[in-house]
Each structure stands twice: as C-alpha cells, then as structure tokens.
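Colleague: Here it is, the structure in full.
The values are calculated or read from the model by the stated rules, or taken from the named source; none is laboratory data. Note that this is a predicted model, so its numbers are computed, not measured. Cβ placement follows ideal geometry from the backbone for every residue including glycine, while neighbour counts extend to all protein chains displayed. Side chains included, ligands, DNA and RNA excluded: accessible areas come from the protein's heavy atoms. Shrake-Rupley method; radii C 1.70, N 1.55, O 1.52, S 1.80 Å.
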Amino acid sequence: MGRGSLVREAFPVIIRLIMNFDFEPLPLPSLPPGRTGQVVRIQGGRGLTLRLARLGIRPGARIRLISASPFSGPLLVEVDGVRVALGRGVTRRILVRPLP
Amino acid sequence: MRVIALVGQPNSGKSTLFNALTGYRAVASNFPGTTVELLRGKALVGGRPVEVVDLPGTYSLLAGDRAEELSRDFLISGEVDVVVNVVDASLLSRSLELTLELSELGLPMVVCLNMMDEAEHKGIKIDAEKLSDLLGVPVAETVAARGIGLAKLLSLIPQARPARPPRYSADVERALAQLSEVVAPIAKATGLPPRYVVIRLLAGDPPPGTSGQPELSQAVEEAREKIASARGEDPALVLSAERHAAAVSLFEQVAEVGHAQVGWRERADDILMHPLLGYPIMVLVLFGLFWAVFKVGGILEGLLLPPLEELSQGLGALLGQGLFSQVVVGAFQGLWAGVAIVLPYLVPFLFLLALLEDVGYLPRVGYLMDALMHRIGLHGKSVIPFLLGYGCSVPAVLATRILEDERDRLVTAALAVMVPCAGRAIVVFGLVGRYVGPLAAFGLYVLNLVVIALSGWLLARLLPGTGPGLIMEIPPYRRPNLRTLLGKVWLRLKDFVVVAWPLLIGTSALFALLQALGWSPALNNGLRFLTWPLGLPKEAGVPLVFGILRKELSLVMLTQAFGTADLSSVLSQGQMVVFTGFVLFYMPCLATLAALGRELGPRRAGLVLLGTTGVALLIGLFLRGISALA
Ligand SMILES: Nc1nc2c(ncn2[C@@H]2O[C@H](COP(=O)(O)OP(=O)(O)OP(=O)(O)O)[C@@H](O)[C@H]2O)c(=O)[nH]1
Ligand SMILES: [Mg+2]
C-alpha cells in the first residue's frame, strides 16, 4: 500500500472521527447542566422554529442549560441573558454543539 | 382625538407605563402575557387630550397567539396615530427585532427605552442619541415603575416620525420588488403600506383583503418557492433571521456591555427552581398563602361580625315589624356581609396573589408543574390561568389567550372555571373553615385539585392531540413595590365594590321581600329536586340559586334564609361540607359564563356549564356519602 492511498483512505476516516467527537450535534437534553452549546438547527416545522426564534433560540445562538427538572420535565435555559422554560418535547428538537 | 398605542414585547412595562400616564387602570404583573385585552385611557400630551391604548405584549408581528393577534390587528386597523414602542432596555438586542418590524408599518413612532435601571444592573450602556439617529425616531429613556423619564417621553411624542425600515439581502429585496408590482393595486385597497403587505405575503401570512386573488397568490407562491429553495428555509424564517442580524448590528453600534451585577435575584432560581428542592418549596409557598389568608381572614371576621349582628338587630328593633322594615334590614345585612364576611378574606388573598405575581413566581410555578400538566394533556403555561383563577374566573378565562393551541385553550378554560375563585373561597372559609375546621376547608381544596386533575385526564382522552409544548420566558425576579401592590389590590377589589356589593345589597333586600311576602317556601319547594338528593334543608335552595349571580352570595343568603348568623344551629357539619362542595363546582357565575361564551363560543360554553354542574352533583353526593359515614 502506497503512501498516497493511505492518506486518501485514512484522512476521511480521521476527519469523520473528529467530526463525530466534536461536531455531531446533540439534542439539547444531552447537554450537561451548566454547559453552553451553540444551536445548530431546529428539527421542526415552521411554527415551532418561528416560536423559538422569537425568544432568540435560532441557529447560531448560544444556549446555556441551567437545570433540568426530573420526570422528563422541562429544561430551564438561558439565551442572550434571558431565561426560558422549554418543555422536554421541544428541547429534543433543538440540536446543539457543545462549546468548551 | 389622537390615538397613541403602547406596543412592545411581553413584560416590557407597557401596562406600568399606561398606568403612569393615565391613572391606575391596568393590571401589571411580572410575567409575560399579563395584558390580553386592549385597554384605553386618556392622557394630556402638550396640553392636548389624547387616547392611550395599552396592547397585549407581542414578540413579533407574526402573531403566535390570540393576544398577539389582537395587538397586530389593532396596529393595522388604521386607528393608530402614533406608536410608542416600549422596549425592555435590558433586552435591547432582542427587542429591536420588533422595533424593526414595527418600522415596516410606516406609522409615526417613538421608542421608549424602559427598564433603564435593569439595563444598568446588567451593565448595559446605551447611546440613546445614536439609536435615535440610526432608527430615525425620537428615543426616550424611562423607568416606568418609578415614574422616571415620563415627562421627556411625553414631550417627544409630537415629534414622532416613521422609522427607517431595514433593508434585506439582495435576493429577498428582489423578490419583494417583483411582488410589489403585482400587489400595488391591492395594497392600495387595504390601506396598508405596500412594503408591509408584500413582506407579509412573502412570509406566508397574507394580511386581510389580499386573499381570493388567483393571480396574486400564484405570484406569491412563486416568490416564496424561489426564496425557500435558494435558502433552504421558509421565507418567514429567512426574514426573521435577517431582522435578527440587523437588530444585532444596531445593538452593537449603540450599546456597550460591561460588567453585570449578580445578586439574590440571579441566585434565587438555584433554590426555587432546583430540580428537587423546587417542589417542596412551591408546595410550602402555596400552602402558606392559603394558611395566611385563612388566619388573617378569621381574625378580621371575628372582629367585624359581632357588631354587624348587633347593628342589624338594633335596626330591626328600631324600625319595628312590617314589610318596609324587613326589606331595609335585608339590604343592611347585604351591606354588612360585604364588610364582615367577604372583605376579611378577599383583601389578604388579593394582596398575597399580587405579591407572588410581582415577584415573578407565577411562571416558575408553570415551569415546575409542566411535567404534571402533561399528564392531563396540557403544558406549564396553562398554570397561569389556573393560578389567576384563584382570584377570579373571568381573568382566568381571558388569560387562556396566551396559549398557542386552540385545544389547549378550550381544555384550560374548562378546567380553570373549576378552580375556586375568591368568591367561592369565601364560602369555603366562612362556612366550612369557620364551623367545621381548617382541615376540612383544606381538604375541600385538595378534593378540588383531584377533581380538576381527573377532569383534565378525561378531557385529554376525549380531545386528544398534543400542542407544541412549553415555550415560556421566565422573567427576572423583581422587588415588589408596595404602592403598585396596593394599587393592584384596589383595582381588583373595585370589581367587588362596584359590581358585587350592590348586587349583594339588592339581592338581600329582594330576598327579605320574598320572605316577607311568604314566597320563599314555594321557591324552595320548587328547588327540592336539588336540595333533596344532596340532603340539604330546603331553605338552602334559594341561596344556591343566588350563587349563580355571584358565588359569595350563596353564603350571605344562607345566613338570611335561616335568619341567623350562627349557621351551626341550623346546618350539620356534613351539610355544610356538601353545600360548599356543590358551590365549588356547579355552574360558573354569570360573569364567567359570559367570558366563556365570548372566548369559546356559546356551544362550548354550554358544554362547560353542563359538565361542571354534573360534576357538582356527583361531588355533592360523594360528600354526602362520606359525611354519612363519618
Ligand atoms: N425594574 C423595573 N421594573 C419595571 C419597570 N417598568 C415595569 N416594571 C415591572 O415589570 C413588570 C412587567 O410590567 P408590565 O407593565 O405588566 O409589562 P407589560 O409590558 O404590560 O407586560 P404584558 O402585558 O405581559 O405584555 C412589572 O412587575 C412591573 O412592575 C422599570 O422601568 N423598571
Ligand atoms: Mg401589560
């Protein structure tokens, strides 16, 4: 196996590994409390997306998970210095990339 | 007269400003969605009278619920001469998105940067002059809660001008320009600015007067399609994202963000909304509220009731026997019942409710209760109408306007009217609490919650469907202000004083007349179908019916029907519990029925009426069985 093909085959694998580790977006409830994530996209219809956007929850926004209530209860998050309560069903549709 | 509309995002202080400008008439509370109706008042601007209108808060002109729709429709009704855009300065960046949207309406505008104290607390410094230059409208800075900056705001209103609307990206502008040609004649007919009409068409939210035009709708579809495929998003989202970007850039030009202060208001949620601690604290807070009302009310009632008895007896002796005397004594008893039975519980309750509202605890209860509410097919926002229902059912029914989903509105309204309002609380406290004991009164409240939960569970089965779930802004805690608290208590008390009290006096007199003429036995016999199955003496029939006018009437009438203020001599404890249990649930009072009819339509209101009365009968029988066993 030549060096060329190694690079050609291994490189994408390595890239994908890194992507998987760092960049695969998570649903918001998977974020540990206290951590901040960046919204990657909203998996939902126009209605939900608009309603979230009004409160500043839109792709690119930084969202901090303050706390999660038990029994699949809602999450308390902070966006742009505003606290927002989000039902668990809603939060599963918000995909974020954890920020360090 | 010129009409000035106060427009802004929820909880930005519009109603507070309205009160400061026009006198205390609007309820202002620390949760988004307090105002759900238009409220009109008068003020003087530059020595000339103007009409000021307080609108429901709205995040965007793309309305998300009924209350927002109301605001938007009023803005485009052609009635508004000047828009005062009330902005929460501590949330400037987000608020400017609405400001930019408003600028598209082309109405003369003034921006009011309210909550300047909060902005300072957060370390945000705003260059108001620069903002004024960039937007092209006068900008005033205020702290409405303390009346600061109002004179300046008023002096700027005559200088209101249309703001500079934002420019969108080239592709969006191209689409707007293309549509404009087709829309021009139609836009003229609607009387709205053409650019606004086109933007709404592109956003997929056609304004009134633009539907049913095949040529137009085809052009709109094409334009929307083009944007959607180029951007991979609905055009409404594209417009919203672009406005957001414009608002951020504006914000960065006019504001500097320094160091925020962190105090108890920021830390309180660590405990009050703690995943575990939050719940016991909530139970303690709500339980403590009822306990305090019961305690304080009991003391006040004990002080006020004996002199009432003496006075009305003295009055009877003075006037002697006869029809006239009996009617006068009856009216007098109505007057005093208001003072001695109703006010002792109503005032402390309204005060504590106002306190919870102004601190900002209500939406937190909504958050904590969300998981539980899902069990009955609702979500946490419905908790706000429920909690308001403990005060009065009418605002509770109106508050369902903040819910986005029609099904949720129906279910919440139907359940909210079962929440014991202050009028019913008076029956619980004044009858069961006083004669049977505080534990029994508390038990009735618990029973009420259980029945509401069961009804909710049942309704969720009958009317399946899931709304979008909870999305609710949680405002910061605020230090309540005694003056505004008392103002709010008075505002709500006024409803009792001007509506219920005259009713109390009038019906008391009427009732005395019925008794003097010897008609009430016949009426009571006619109501036997109600009192007999519940095991109540037949004298309780007429008081139960009077309760339809105002729930607290049923207790006051009871003392009259038996001719004694000591009800323990005529009713057994079990009968008191049954009577109260029935009053808790049976058909809502007339004012509530009217509100239900307006919000849900007559058919659904009728169903709620039948349903609650059915539940009341079941509960009455159930309680009768229990008390027979006990
Ligand atoms: N710190 C501070 N608080 C304010 C100020 N103005 C209003 N508030 C408080 O903010 C809360 C919200 O005020 P409201 O007047 O009810 O707000 P609104 O805009 O009418 O709200 P909605 O009717 O829900 O849209 C209340 O608790 C007010 O006391 C201000 O300038 N500074
Ligand atoms: Mg308001």
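Colleague: Pick from the stretch B:21-35 the residues that are open to solvent by 10 Å² or more (accessible area, probe 1.4 Å) and of a type outside the set (S, T, N, Q): which of them is farthest from ligand 2 (Cβ to nearest atom)?
Modeller: B:Gly23
Colleague: Filtering the stretch B:243-279 down to residues that are of a type in the set (S, T, N, Q) and part of a helix (DSSP H, G or I), which residue is most open to solvent (accessible area, probe 1.4 Å)?
Modeller: Restricting to residues being of a type in the set (S, T, N, Q) and part of a helix (DSSP H, G or I), the top hit is B:Gln253.
Colleague: Related question: Consider B:Leu458 carefully, then state whether it is surrounded by fewer than 21 Cβ atoms within 10 Å (Cβ to Cβ) and either within 30 Å of B:Trp264 (Cα to Cα) or away from chain A (no Cβ under 14 Å) (or both).
Modeller: So B:Leu458 passes the test.
Colleague: For B:Gly391, all conditions in the list (1) in a helix (DSSP H, G or I); (2) under 25 Å from the mean Cα position of the chain (by Cα) hold save one; what is the number of the exception?
Modeller: Against the list (1) in a helix (DSSP H, G or I); (2) under 25 Å from the mean Cα position of the chain (by Cα), B:Gly391 comes up short only on (1).
Colleague: Here is a further query. So, in the stretch B:4-38, exactly how many residues are assigned to a loop (DSSP other than H, G, I, E, B) and more than 6 Å from ligand 1 (Cβ to nearest atom)?
Modeller: 10
Colleague: I've got another one for you. When only residues in the stretch B:1-20 that are more than 13 Å from ligand 2 (Cβ to nearest atom) and open to solvent by 30 Å² or more (accessible area, probe 1.4 Å) count, which is modelled with the highest pLDDT?
Modeller: B:Arg2
Colleague: Here are B:Leu38, B:Leu70: which of them is surrounded by fewer than 24 Cβ atoms within 10 Å (Cβ to Cβ), among the hydrophobic types (A, V, I, L, M, F, W, C) and either within 14 Å of another protein chain (Cβ to nearest Cβ) or in contact (Cβ under 8 Å) with a residue 40 or more places away in the chain (or both)?
Modeller: The unique qualifying residue is B:Leu70.
Colleague: Could you say whether any residue in the stretch B:491-512 is away from ligand 2 (no atom under 16 Å from the Cβ), part of a loop (DSSP other than H, G, I, E, B) and either within 14 Å of chain A (Cβ to nearest Cβ) or open to solvent by less than 60 Å² (accessible area, probe 1.4 Å) (or both)?
Modeller: Looking through the stretch B:491-512, none of the residues is away from ligand 2 (no atom under 16 Å from the Cβ), part of a loop (DSSP other than H, G, I, E, B) and either within 14 Å of chain A (Cβ to nearest Cβ) or open to solvent by less than 60 Å² (accessible area, probe 1.4 Å) (or both).
Colleague: Could you tell me which of the residues B:Glu141, B:Glu97, B:Glu173 is more than 16 Å from ligand 2 (Cβ to nearest atom) and either among the aromatic types (Phe, Trp, Tyr) or within 14 Å of chain A (Cβ to nearest Cβ) (or both)?
Modeller: The match here is B:Glu97.
Colleague: Looking at the stretch B:145-218, what helices (runs of 4 or more DSSP H) fall wholly within it and have at least 1 residues that are more than 16 Å from ligand 1 (Cβ to nearest atom), of a type outside the set (Ser, Thr, Tyr) and in contact with a strand residue (DSSP E or B) (Cβ under 8 Å, 6 or more places away or on another chain)?
Modeller: Here the list reads B:150-156.
Colleague: Among the residues of the stretch B:41-67, which ones are part of a loop (DSSP other than H, G, I, E, B) and either surrounded by fewer than 14 Cβ atoms within 10 Å (Cβ to Cβ) or within 15 Å of ligand 1 (Cβ to nearest atom) (or both)?
Modeller: Scanning the stretch B:41-67 gives B:Gly46, B:Gly47, B:Leu55, B:Pro56, B:Gly57, B:Thr58, B:Tyr59, B:Ser60, B:Leu61, B:Ala63, B:Gly64, B:Asp65.
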